[in-house]
Each structure stands twice: as C-alpha cells, then as structure tokens.
C-alpha cells in the first residue's frame with residue numbers, strides 16, 4: 001500500500017512537471033507560459049520601435065543635404081571674406097557659403113539665439129574666434145574649421161581641456 005501511494009505521488013508530480021504549471025495557472029486565471037511569451041514579444045517589439053524612433057530623430061544628417069536656405073548675395077569685405085549675416089534677433093550667423101572647411105569643432109547646437117549668444121561668449125579663446133552657422137533647424141556654435149580629420153582631432157584634443165562637450169562635425 002505504501003508503495004502504491006509513493007508511485008501515485010511520483011506519477012502525479014511527474015505529470016505536473018512534464019505538463020508544467022500551465023494547467024494549474026489556467027485554472028487559477030493566471031498567465032500561462034504562452035501568455036508570458038506573447039507579452040515578451042510585444043515588449044521587445046515596442047522597445048525596437050522606440051529605439052528606431054529615437055535613432056531616426058537623433059541622427060544628425062549633414063545640414064547641407066537637408067537644409068536649403070535662400071540667401072541673398074552677401075556683402076563682401078575688402079579681403080573677400082563674407083560678413084556674418086544677422087538673424088531675425090540680430091545674432092550674426094556665418095553664411096553657409098563662407099564655410100569652406102570640411103571639419104568643424106562644435107561646442108553646442110541650439111534652437112534659440114540667446115543660447116547661441118551665450119555659448120559664443122563662453123567659448124571665446126578656446127581655439128579660434130567662435131562662430132555660428134545654421135542647419136537642420138539648429139544653430140551650431142563652432143570654435144574652429146579644418147581641412148582634414150587629423151587636424152580636427154588634434155584641435156579637438158586641445159578643445160576638450162576647456163570644452164569637454166566639443167565634437168567634430170563633417171560638412172558634406
């Protein structure tokens with residue numbers, strides 16, 4: 001009799017282990033392993049969609065490829081360099097046609113002229129005279145322009161001592 005009970009207990013435990021707890025969970029109106037797997041897939045899909053949305057909104061497409069600004073013929077000084085143009089609030093922005101370098105060290109990208117003006121003042125004397133230009137709906141504050149990536153990296157190393165947030169922007 002003891003042997004029959006043991007055998008029955010072992011068989012019952014084996015049945016529960018083999019079938020899992022899904023039968024018990026289903027009877028108790030709890031989520032089964034299938035429900036949990038579907039929920040995990042849904043969460044993974046939502047996270048992938050969020051990452052894709054963030055990646056597409058954060059990506060910095062080169063300003064030259066997306067923004068076309070109709071600018072009247074700017075005045076040129078006696079040296080042939082174009083004078084900065086004032087924006088609507090009076091901030092002087094370097095004309096896009098005056099950006100003759102390939103790489104620029106950027107210390108900030110802002111939407112408002114007030115923040116650009118503050119950044120221009122705060123970043124004086126780091127490398128070169130800071131200047132601002134517009135692209136992608138933002139106003140970039142640059143502290144230097146360079147022809148090669150190697151030159152830009154060397155200057156970036158120096159700039160990081162005073163402006164750790166600086167980064168290299170490649171104009172296309």
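What are the equivalent ellipsoid semi-axes of the stretch 2-56, built from the alpha-carbon gyration tensor (square roots of five times its eigenvalues), in whole angstrom, biggest first?
Details: eigenvalues 363, 22, 5 Å².
For the stretch 2-56, the ellipsoid semi-axes come out as 43, 10, 5 Å.
Quote to one decimal, in nm, the extra length available between residue 160 and residue 34 on full extension: 0.36 nm per residue of separation minus the C-alpha distance between them.
40.1 nm
Could you list the square roots of 5 times each eigenvalue of the Cα gyration tensor of the stretch 99-164, that is, the equivalent ellipsoid semi-axes, sorted largest first and rounded to whole Å?
19, 14, 9
Listed highest first by mean packing, meaning other Cβ atoms within 10 Å per residue, what order do 21-31, 136-146, 2-12, 106-116 come in? If you can, show how the numbers build up before the last one.
Details: 21-31: 11.5, 136-146: 21.0, 2-12: 9.1, 106-116: 17.4.
The most tightly packed comes first, giving 136-146, 106-116, 21-31, 2-12.
Would you kindly state how much longer the chain becomes between residue 92 and residue 171 on full extension, computed as 0.36 nm times their sequence separation minus their alpha carbon distance, in nm to one decimal?
26.4 nm
For the pair residue 50 and residue 101, what calculated FRET efficiency results from E = 1/(1 + (r/R0)^6), where r is the Cβ-Cβ distance and R0 = 35 Å, to the nearest 0.05?
Once the sixth-power term is evaluated, E becomes 0.45.
What does the highest-first list of 151-159, 32-40 look like by mean Cβ count within 10 Å?
Ranking, from highest mean packing down: 151-159, 32-40.
Once you place label points 7 Å from the Cα toward the Cβ at residue 111 and residue 3, how far apart are they in nm?
With each label placed 7 Å out from Cα toward Cβ, I get 8.2 nm.
Mind checking the full-extension length gain between residue 122 and residue 21? Use 0.36 nm per residue of separation minus the Cα-Cα distance, one decimal, nm.
29.9 nm
The numbers here are math on the coordinates, done by the rules we state, and not lab data. Because the structure is predicted, anything quoted here is derived from the model rather than measured. Please note: Cβ atoms are built from the backbone with ideal geometry, for glycine as well, and neighbour counts cover all protein chains shown.
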